[in-house]
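The values are calculated or read from the model by the stated rules, or taken from the named source; none is laboratory data. What you are looking at is a predicted structure, and each value in this text was computed from that prediction instead of being measured. Please note: Cβ atoms are built from the backbone with ideal geometry, for glycine as well, and neighbour counts cover all protein chains shown. These area figures cover heavy atoms from the full protein model, side chains too; ligands, DNA and RNA do not enter into them. Shrake-Rupley method; radii C 1.70, N 1.55, O 1.52, S 1.80 Å.
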Amino acid sequence: MQELKITVCGACGRMGRETVITVDREENLRLAGAVDIKNEGEDIGLLVQNVPANVKVSSSLEEVLAAEKMDVVIDFTGPFTVMRNVETALKNGVPPVVGTTGLTELDLKQVEEWTQKYSTGAIVAPNFALGAILMMKFARLASRYFSRAEIIELHHDRKIDAPSGTALKTLDLIRAGKREGEFPPYSPAGATRELEKLPGARGGAVDGIHLHSIRLPGLVAHQEVIFGGEGQTLTLRHDSFDRGSFMPGLIMAVKRAPSVKGLIYGMENLIEF
Ligand code: NAD
């Protein structure tokens, strides 16, 4: 495989640092650009693992892409920055691999349009952890056989967006599974009438599927999907205990990105199960 030159946006953040270290260790990948509004001008290698990488942190993706032809741009910035970076990458003919969460349906439509306009593919994956992808697959399957389901997602307390991208994706998959299933769509609430004494206590709901977001220090990224039926429950749980859990999936996406056409949304559409 030909060596791929990688730029990491949000390189000084929690996910960005883990990505820089992983890219540096990975055969056939070369860290060639680092973008962040923090630590401008510093060597990213020295910053994240005390070993020079000879790549200076730049605050401008435009400048990094103008200086050197890249093969893939990875984005782990935030919901207010990601779309600008995606457009910049696509405009320059470089496929973006986006891990940043909080993109709306409208954003995804826009990304799809840009991939056509600039004839360059893009991968957007709200969760690179392969265990989490399997959990979503199993949730879709289980939803056909249970009358109700609720989702509880748990993340560290610095996460900006709620609910998580993975929880929203799981919700969509459960709704899709239900349409193929043996039970009619869920009614808006389990009881004929619910009294929510503390607003928000039942979480957010779409089509009667309730979703709860927990934010606490000490957590990384976790999710439970609890299905309830006559006299039984089924609980699916996935835990990412550290950011290393996202790296094998991320690297898989990065290596596929140069050959992708259009927008691929979600790792489940990139890998065979
Ligand atoms: P973080 O706050 O630690 O890092 C974000 C970095 O982006 C910071 O260093 C910040 O300075 C930088 N940044 C912000 N605005 C910028 C701009 N305009 N230009 C350049 N850099 C900018 O956040 P994090 O924990 O690393 O998470 C980043 C994103 O990744 C979040 O959206 C999070 O939900 C998502 N995430 C995705 C996965 C996945 O598997 N897809 C896993 C974990 C986290």
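Which net charge results for the neighbourhood of ALA132, defined as the other residues with beta-carbon distances under 12 angstrom from its beta-carbon, given Lys and Arg at +1 and Asp and Glu at -1?
Net charge in that neighbourhood comes out at -1.
Counting pairs on different chains as well as pairs 8 or more places apart, how many Lys pairs in the chain have Cα atoms under 14 Å apart?
9
Below 8 Å between Cα atoms, with a sequence gap of 6+, how large is the relative contact order for the stretch 1-138 in percent?
Result for the stretch 1-138 is 20 percent.
How many nm is it between the label spots at GLU196 and LEU108, if each spot is 7 Å from the Cα in line with the beta carbon?
Reported label-point gap for GLU196 and LEU108 is 2.4 nm.
Output the relative contact order of the chain, whole-number percent, from Cα pairs under 8 angstrom with separation of 6+ residues.
With pairs under 8 Å counted, the relative contact order is 19 percent.
Hey, what angle do you get for helix 130-142 against the long axis of the chain, alpha-carbon based, 0 to 90 degrees rounded to 10?
Computed tilt is about 30 degrees.
Per q in 0.10 Å⁻¹, report the Debye log10 I(q)/I(0) for the stretch 58-216, using one uniform scatterer on each alpha carbon and no solvent.
With no solvent term, the Cα-only Debye profile gives -0.48.
Can you give me the accessible area per residue for the chain, using a 1.4 Å probe, in Å²?
Heavy-atom accessible area per residue stands at 50 Å².
Quote the accessible area belonging to MET252 in square angstrom, nearest 10, computed with a 1.4 Å probe and with ligands, DNA and RNA left uncounted.
Surface accessible to solvent at MET252 totals approximately 70 Å².
Can you give the translational diffusion coefficient of the chain in µm²/s, computed by Stokes-Einstein from the Kirkwood radius over Cα pairs at 20 °C and 1.002 mPa s?
109 µm²/s
Among GLY10, ASN85, THR233, which residue has its Cα furthest toward the positive end of the charge dipole of the chain, with +1 on Lys/Arg Cβ and -1 on Asp/Glu Cβ?
So the residue we want is THR233.
Hey, any idea what % of the chain's accessible area is carbon plus sulfur with a 1.4 Å probe?
Heavy-atom surface of the chain belonging to carbon and sulfur, 1.4 Å probe: 52 percent.
Work out how far the C-alpha atoms of the stretch 20-81 reach from end to end along every principal axis, then list the three figures in whole Å, largest first.
Principal-axis extents of the stretch 20-81 (Cα, largest first): 29, 24, 24 Å.
Can you give the calculated 222 nm mean residue ellipticity of the chain, where each DSSP H run of n ≥ 4 adds -39,500 (n - 2.57) and the sum is split over every residue, rounded to the nearest 500 deg cm²/dmol?
Taking each H run of at least 4 residues, the total per residue is -9500 deg cm²/dmol.
Give me the number: length gained by fully extending ASP43 to THR233, i.e. 0.36 nm times residue separation minus the C-alpha to C-alpha distance, one decimal in nm.
Gain on stretching ASP43 to THR233: 63.2 nm.
Where nothing but the Cβ of Lys and Arg (+1) and of Asp and Glu (-1) is charged, how large is the charge dipole of the chain around its Cα centre, in debye to the nearest 20?
My answer is approximately 400 debye.
Round to the nearest 10 and give me the degree value, 0 to 90, for the angle of helix 247-256's Cα axis relative to the longest principal axis of the chain.
Here the helix axis deviates by roughly 70 degrees.
Just add up the charged neighbours of VAL82: K/R +1, D/E -1, any other residue whose Cβ is under 14 Å from the Cβ of VAL82.
So the surrounding residues net to -4.
I need the shape label for the stretch 213-268. Rule: rounded when a/c is under 1.5, else prolate if a/b > b/c, else oblate, with a, b, c from the alpha carbon gyration tensor.
oblate
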